[in-house]
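Presented below is the structure to which this report refers.
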Amino acid sequence: MDLRRSSIVLLILSVLSPVTLSIRYEIHSGHTKCISEEIHANAMTVGKYSIINPNEDHPLPSSHKVTVRVTSPQGTAYHESDGVESGKFSFTAVETGDYISCFSAVDHKPETTLIIDFDWRTGIHTKDWSNVAKKSQVETMEFEVKKLFETVNSIHDEMFYLRDREEEMHNLNIATNSKMAWLSFVSLAVCLSVAGLQFWHLKTFFQKKKLI
């Protein structure tokens, strides 16, 4: 019970904390890099990516292009773009699992290095609250209520997810205990059978030798 309460507390903290996947990384021509993010079913997710211009005074060279593909845990494509410098995607997850975003740099000789700026947000973090809040007191209160409502919905979904996982673990424990019980029973039966055969063999041997 204490473990379950601790899990709920950690869940609430993780939902309330402003965590987003915002990274900048390098990729070489003709190579691919993939990033995964665990997303729960019915959660909204948005992503934004762009290639950093190595020379701001000039347009991006033709070598600085990428092909982007975002797929679900089952391989369903949610976003595809070929030969682009930047882009965005957004969708609502249908299933729970690791969603993968892959960036493939175009093949170019000589090899060049591209720097990708990638921002990926999920759930409540997809809301840009700074653009929603207003200055008046009433609108500020409305903004806080909306924020709390979104937080409660996110916590509600996470708790249902944890409950399902707990039920899966419970069923797994029951199945494992049942298998272990059957294994113990079979092992005991085998041991008794071997002991009986040994006793019968020794008795037969001693009878043949007329020792008993």
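Derivation of every value follows stated rules applied to the coordinates shown; laboratory data play no part. A quick note: this is a predicted structure, and the numbers were derived from the prediction, not measured. Quick reminder, even Gly has a Cβ in these numbers, built from the backbone with ideal geometry, and neighbours come from all protein chains shown.
Give me the net charge of ILE52's neighbourhood, meaning all other residues with Cβ under 12 Å from the Cβ of ILE52; Lys, Arg count +1, Asp, Glu -1.
Local charge sum for ILE52: -3.
Give me the aspartates and glutamates in straight-line cross-link reach of LYS109: C-alpha distance below 18 Å, same-chain residues under 8 apart excluded.
GLU26
Longer than 26 Å from Cα to Cα, which of LYS48/LYS147; LYS88/LYS147; LYS33/LYS146; LYS48/LYS146; LYS65/LYS147 are they? Say none if no pair is.
Listed pairs above 26 Å: LYS33/LYS146; LYS65/LYS147.
Could you run the Karplus curve 6.51 cos²θ - 1.76 cosθ + 1.60 with θ = phi - 60° over region 203-209 and give me ³J(HN,Hα) per residue in whole Hz, x for Gly and Pro?
Karplus-based 3J(HN,Hα) across region 203-209 equals 5, 4, 4, 5, 5, 5, 7 Hz.
Translational D (Stokes-Einstein, µm²/s) of region 141-212 at 10 °C and 1.306 mPa s when Rh comes from the Kirkwood sum over C-alpha pairs?
Stokes-Einstein gives a translational diffusion coefficient of 89 µm²/s.
How would you rank 180-189, 23-32, highest first, on the average number of other Cβ atoms within 10 Å across their residues?
Working: 180-189: 10.0, 23-32: 13.4.
By packing density, highest mean first, the sequence is 23-32, 180-189.
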